[in-house]
1. How far is helix A:136-148 tilted off the main Cα axis of chain A, in degrees rounded to 10, range 0 to 90?
2. If the cut-off is 19 Å between C-alpha atoms, which aspartates and glutamates fall inside it for B:LYS185, apart from same-chain ones fewer than 8 positions away?
3. Return the value, in Å² to the nearest 100, of accessible area buried between chains A and B (probe 1.4 Å, both sides summed).
4. What percent antiparallel are the DSSP beta bridges of the protein assembly as shown, to the nearest 5?
5. Using a 1.4 angstrom probe on the protein heavy atoms only, could you order B:SER181, B:SER262 from most to least accessible area?
6. Spin-label point model (7 Å from Cα, Cβ direction): what's the A:GLU65 to B:VAL269 distance in nm?
7. Can you list the residues of the stretch B:203-222 with backbone N under 19 Å from a point 7 Å past the Cα of B:TRP24, pointing along Cα to Cβ?
8. Just to make sure I understand: if all protein chains stay in place, what is the order of B:THR71, A:THR109 by accessible area at 1.4 Å, largest first?
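The values are calculated or read from the model by the stated rules, or taken from the named source; none is laboratory data. Keep in mind the model is a prediction, meaning the values are calculated, not measured. Backbone-built Cβ (ideal geometry, glycine too); neighbour counts: all protein chains shown. Protein only, heavy atoms only, side chains kept; ligands, DNA and RNA dropped before computing areas. Shrake-Rupley method; radii C 1.70, N 1.55, O 1.52, S 1.80 Å.
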Amino acid sequence: MGSITLEHVNKSFGGHQVIPDASLEIEDGAFVVFVGPSGCGKSTLLRLIAGLEDTTSGIIRLDGEDVTQRGPAHRGLAMVFQSYALYPHMTVRQNIAFPLKMANTDKATTERKVDDAARVLNLTDYLDRKPRQLSGGQRQRVAIGRAIVRQPKAFLFDEPLSNLDAALRVNMRIEITELHQHLKTTMVYVTHDQVEAMTMADKIVVLNAGRIEQYGTPMELYRTPANKFVAGFIGSPRMNFLEGAHAEKYRAATIGVRPEHLRISRESGDWHGRVGVVEHLGSDTFLHVHMEGVGLQTVRTEGEKEFVPGDTVWLSPDPSRIYRFDQSGLALR
Amino acid sequence: MATRESRTIARIMMAPSVIVLLIWMIVPLALTLWFSFQNYNLLNPVVTFAGWLNYQFFLTDPAFAQSIVNTLLLVGGVLLITVVGGIFLALLLDQPIWGQGIVRILVISPFFIMPPVAALIWKNMLMHPGYGIFARIAEAFGQQPIDWFAQVPLFSIILIVAWQWLPFATLILLTALQSLSEEQKEAAEMDGANAVRRFIYIILPHLARAITVVILIQTIFLLAIFAEVLVTTNGGPGYNSTNLAFLVYRTALLSFDVGGASAGGVIAVILANIVAIFLMRAVGRNLDA
Ligand SMILES: Nc1ncnc2c1ncn2[C@@H]1O[C@H](COP(=O)(O)OP(=O)(O)O)[C@@H](O)[C@H]1O
Ligand SMILES: [Mg+2]
């Protein structure tokens, strides 16, 4: 069991308000990702749930029970830190066994649980090593192992993959997702990387300056972003925004078109522009097109199409995939 | 130091300083060794070869055994007080408190006071049986004041020296404490470790290396404590507070026996090395990364 509820949670450091008013419902067993730019309060929100920070006001519930005043040790949650926070003087075995030792678990049970966790995480051959003798990905797994032996109500991850190289990051992303499918325990995962959010999450919380901008499944956020911020943040490459005359045609202050919803042609179209940088990714090609009076627009085409910088092209948005926003950035439907 | 050539050049470049250091060390040591085998008394102009006689006299001196015991007690006692007290103070100073900067400077300040001055302050202002503050406090509680330097001379000196070295230990341990990552402490907290267990399982192991440094450095200086003994008890009553350094001084300058004092000096060097080997065995492995 592990449902988490935030009710009007507010957090200030000194006079500086970091989380103005957050309300959120995380169902038992869900994989929820907090995503947002650096410094927007993701870690703070996670640490509030963990009990490592006190709320300034508001209520945090676990399984419906008010735990706002409870210390981190008594909430039954496990956390994986960005720096892994392994205990350097202990072996992998001792690290993983530490939470059990603190709970005064008997020897046989401890041994069995540690061995189980090590098997799930492919750490069996490394149990007698010290953390400094492990690679980044292995350290990450030890940190996860230390979290799972406790069988917590929920796992909290704070940017756990940001210290790994790109290839390993993709692997660990899959491993964590598989772990979630295997354990079926609630996981709350913080990242600034929208690709991680889109690929891993059941539901995404998009944060901006401490405010929850939108809460929904990855495809909901992609299809129906609530505002300009979410529209720009979710999706890669970023959505193109046009203002002024182009937007007025659609009776909006701003319109947004995703790069994959722009058709490009040498002969005719709605908007005229000149090709700037061309990025070939193999399967896809991203074209950065300069549009007179509007600026740079990104277009995504399949990899085979050959454009070179300097070509004059026409762009046409898919009319059913144009996002319209009002003056304050809210989506118009 | 990648290539053979650069290693050779490095050796040549380092040679002058190594040679100077060697001479610097060897000459006084050789002279001391030489004197220790001579009948060399400042009151007697004739210097003759003595063989092992100086060593025999020094080792059979009734004060010798006691001075060894006193030296070890002094080193051990001060280490115990400074390491335990240093950890305690470092933990306190690591807490965010108002006026942290000033408190830290206050804690460090005893280290800046010269040993004889510190000893005199303790002797005359704190521990004096007539007008010392300790005596006044004892009287206020209706107790007989303790005559510190007569009743517990060695313990008094241990207190004074510990007071001087506590800041050093505190400072080194505080620095080490501050290098402990916040996330590690938080991880332990989430893992269900209470404050005491966090101290035992996380903080103390983290401090192991710093504690080793404190013990090794302090031992070097504590083996040679001299000024505090000279200005407070003069080694007395009897030989109750005479350590090895003070015994060498007595032999050399109170009996003008240069040969005997040299023999004592050589013995002190040997003792220091025995202690050093013992310490490196006991705690030195903490220094390996
Ligand atoms: N302990 C703290 N004291 C003061 N300000 C803090 C503290 N922790 C975080 N903040 C501030 O709160 C804001 C959000 O921080 P954080 O939650 O770490 O952001 P994120 O994890 O999204 O990058 C930042 O502006 C940061 O400066
Ligand atoms: Mg963060």
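1. Compared with the principal axis, the helix lies near 60 degrees.
2. A:GLU53, A:ASP54, A:ASP158, A:GLU159, B:ASP94
3. It comes to approximately 1800 Å² buried between A and B.
4. Here the share of antiparallel DSSP bridges comes out near 75 percent.
5. Of B:SER181, B:SER262, the descending order of accessible area is B:SER181, B:SER262.
6. About 7.1 nm, to one decimal.
7. B:220-221
8. A:THR109, B:THR71
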